[in-house]
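To start, the structure under review is shown below, and the notes come after it.
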Amino acid sequence: MDTFLTFGIIGLSTGGIYAVISSGLVLTYTTTGIFNFAHGAAGMMAAFAYWQLTGGWGLPVPIALALVLLVLAPLFGLLVERLIMRPVQGVGEVERLVVTIALLTGLIAMAQWIWDPNVARPLTPFFADRDAIQIGPATMTWHQLVTLLVAAAVAFGLYAFLYGSRIGVGMRATVDDPSLARLNGGDPVMAAKAAWVLGTMLAALGGILIAPASRWTPGTCRCSSSARTPPRSSGGCGACRWRSSGRWWSAAPRAT
């Protein structure tokens, strides 16, 4: 029973992070028809930016979170939609996938150019200075509790947005039939903008949540709980992220 509770807490918190990130990926895909292979890389960049603001420049955590989630992530989503994805909306599906793959590799290269991959940049979990919560024989950290609460808030918030707001209803209409939505006064372009902004914000949120909990170091790349592969000279841990989508966004290294 002790083992069940312990791994249950770990599984719920990790699953909550994956739910947050996958919600953004699905939202973008269903609204725009583009499967964004760079979704995790956007979360990776957000995690690095969050570290830079907190660990590098010493900003308070609330201010850093607000800047990353409410300013940098939406702006990045808008730029990607306007400058990269909208011009290729009329080409084939394969070409659009290649564009997102190119964006993925570009973001990885940019991260390694800005932040030296040989220097550890640990992210402190939320409320790390507080005592852990005892649930019977098991222990839950405050970071895990925050993760569960955030995942639940994202689920309810997305439901309320998609079913209770004009933009959300327009996004759902665009998913069902873009041409019919346009004839009824809908704006597929606005729906695409909203999808990219929300998707990038969710990727950023997931990247910030998962980075402190992951066991990454600058010199190793973990794809599973038992296997480590050294980074390739051409792309660091990019090849590992490619094989394990659950680790694309955990590139923000943590000292062990």
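The values are calculated or read from the model by the stated rules, or taken from the named source; none is laboratory data. Just so it is clear, the model here is predicted, and its values are computed rather than measured. Here the Cβ positions follow ideal geometry from the backbone for every residue, glycine too, while neighbour counts run over all protein chains shown.
Please enumerate the residues belonging to region 30-49 that are surrounded by fewer than 20 Cβ atoms within 10 Å (Cβ to Cβ) and in a helix (DSSP H, G or I). If the condition is that a residue be surrounded by fewer than 20 Cβ atoms within 10 Å (Cβ to Cβ) and in a helix (DSSP H, G or I), then T30 is the only one that fits.
Any idea how many residues of region 71-99 are closer than 17 Å to A204 by Cα and either hydroxyl-bearing (S, T, Y) or free of Cβ contacts under 8 Å to residues at least 40 places away in the same chain (or both)? Count: 3. Scanning region 129-150 for residues being touching a residue at least 60 places away in the same chain (Cβ under 8 Å), part of a loop (DSSP other than H, G, I, E, B) and closer than 27 Å to W57 by Cβ gives a total of 0.
The residue that is surrounded by the fewest Cβ atoms within 10 Å (Cβ to Cβ), among those in region 113-137 that are touching a helix residue (DSSP H, G or I) at 6+ places or on another chain (Cβ under 7 Å) and among the aromatic types (F, W, Y), is F127.
For region 30-49, state whether one or more residues are among the hydroxyl-bearing types (S, T, Y) and within 17 Å of L123 (Cβ to Cβ). No; the residues of region 30-49 include none that is among the hydroxyl-bearing types (S, T, Y) and within 17 Å of L123 (Cβ to Cβ). Among the residues of region 67-104, the one identified as in a loop (DSSP other than H, G, I, E, B) and either surrounded by 14 or more Cβ atoms within 10 Å (Cβ to Cβ) or at pLDDT 95 or above (or both) is Q89. For region 138-171, a tally of residues being in contact with a Phe, Trp or Tyr (Cβ under 8 Å, 6 or more places away or on another chain) and either basic (K, R) or surrounded by fewer than 18 Cβ atoms within 10 Å (Cβ to Cβ) (or both) returns 4.
Taken across region 18-29, residues that are over 19 Å from P212 (Cβ atoms), more than 18 Å from the chain's Cα centre (by Cα), assigned to a helix (DSSP H, G or I) and of a type in the set (A, V, I, L, M, F, W, C) do not occur at all.
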